[in-house]
Amino acid sequence: MKKTLVASALAAVIFAPTASAIEIYKDSKNAVEIGGFIDARIINTQGDTQVVNGASRINFGFTREMSDGWKAYTKLEWGVNPFGNSTIAYSSESNFESQSSDFLNNRLGYVGLSHDTYGSITIGKQWGAWYDVVYNTNYGFVWDGNASGTYTYNKADGAVNGTGRGDKTVQYRNAFGDFSFALQAQLKQDSFDVDEEQDGSSPILPTANFMAVKAIGTNTADAVTTVEYNYTYGGAATYNVTDKLTLTAGFNLGEFEATTSTGQRFTETDSIYGAGITWGDWDGEGFYGAANVNKQEFHDTDNLGRMLPEAWGVESLFSYKFDNGIRTFVSYNILDAGDEYEAAYNGDVFKRQFAVAGVHYVWDSNTVLYLEGRKDFSDFTSADKAQQAAMEISEDDGIAIGIRYTL
């Protein structure tokens with residue numbers, strides 16, 4: 001039983017929804033597996049209909065049995081774009097030419113050690129401890145969760161603050177009975193400059209500290225605020241109450257340190273904490289339900305790249321899978337920046353809110369045909385109508401049909 005529970009905790013290190021792998025080599029000491037999926041879809045949204053790539057990926061896992069019950073392992077995963085993304089460009093040589101995006105991009109890459117008693121430790125780019133708290137609502141293929149605080153900085157991969165696929169992270173995991181946990185540190189050094197406004201203000205941290213800086217006076221047009229954002233820390237706990245009911249909770253913390261052109265220094269904390277609840281098994285037959293809630297400060301950005309001083313988010317997902325392979329589901333997500341955001345940005349409103357409904361035909365465990373639709377209820381009110389339109393464009397209604405072939 002102990003080995004099974006530790007193995008489950010270890011599996012969370014490489015957790016990805018509906019993931020599987022094929023063992024391609026194994027001897028008495030070493031094992032190699034290959035996994036991933038190809039997802040092709042036709043989507044209609046934002047006034048266009050296109051064939052697009054659905055986050056297709058390929059990964060390789062390597063495991064080696066060591067002495068005294070230890071195991072060494074590594075995983076490498078790349079996002080792939082097998083369908084092409086060529087565009088027409090007018091070159092500096094005054095010629096029309098075709099330009100294509102990269103075929104591969106890095107998703108995961110880490111190495112680790114594990115033991116049935118002492119747990120596991122991993123180093124590299126990996127799913128953050130925070131993802132343990134909120135993964136339970138992230139099963140939609142097309143419009144997954146953008147309210148859980150995972151994919152930060154306008155729906156990126158969460159690498160900056162370690163809540164998604166965190167860069168340069170060190171993570172420890174272990175399990176005791178029905179309880180498992182993860183602890184994480186992200187060891188990095190980031191620094192960047194932000195242009196200041198003519199009144200001396202800086203858009204990076206719109207708070208009381210920011211207002212104090214703003215009151216200093218007028219700066220030159222090329223003045224900048226230098227911001228450092230370095231280490232982050234996180235933790236998560238999971239309790240399997242029964243074979244169907246699971247509770248999760250966790251947090252993630254970082255800190256901005258800014259210095260203005262006039263020498264003023266101030267800091268703000270990037271924080272998120274929350275909890276989740278899950279009933280059932282997404283891949284199993286019958287009912288599945290999950291929800292999570294979070295409270296965050298200076299953790300994410302709006303659709304224009306401005307920091308959210310404060311926000312709360314809720315994600316929920318409910319599905320039913322029939323014995324004929326048909327799975328229906330509905331989800332609802334909201335991320336509301338509230339009064340602090342309005343005060344910081346001249347009365348603007350940021351409330352990302354949408355519902356998704358879908359039907360999946362699970363032909364077999366590795367081949368799924370799907371139809372998903374999104375209805376948007378967001379509120380991005382702004383006195384600047386051009387700015388409001390720019391906020392709204394990425395949050396449109398949509399419908400998609402596709403196929404996911406898993407290795």
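Each reported figure results from applying straightforward, stated rules to the coordinates on display, with no laboratory input. Quick caveat: nothing in here was measured; it's all calculated off a predicted structure. Reconstructed Cβ throughout: ideal geometry from the backbone, glycine too, with neighbour counts over all protein chains shown.
Okay, here's what the table says:
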quantity	calculated
Using θ = phi - 60° and Karplus 6.51 cos²θ - 1.76 cosθ + 1.60, couplings along the range 302-308 (whole Hz; Gly, Pro as x)	7, 6, 10, x, 8, 5, 9
Exposure proxy order (Cβ contacts within 10 Å, fewest to most) of TYR118, TYR110	TYR118, TYR110
Between the range 97-162 and the range 244-274, the Cα center-to-center distance that results, in Å	18 Å
Cβ-based exposure ranking for TRP282, TRP130, in which fewest neighbours within 10 Å come first	TRP282, TRP130
Net charge over other residues, Cβ less than 11 angstrom from the Cβ of THR169 (K, R count +1; D, E count -1)	+3
Sorted by Cβ density within 10 Å, fewest first, the residues HIS360, HIS115	HIS115, HIS360
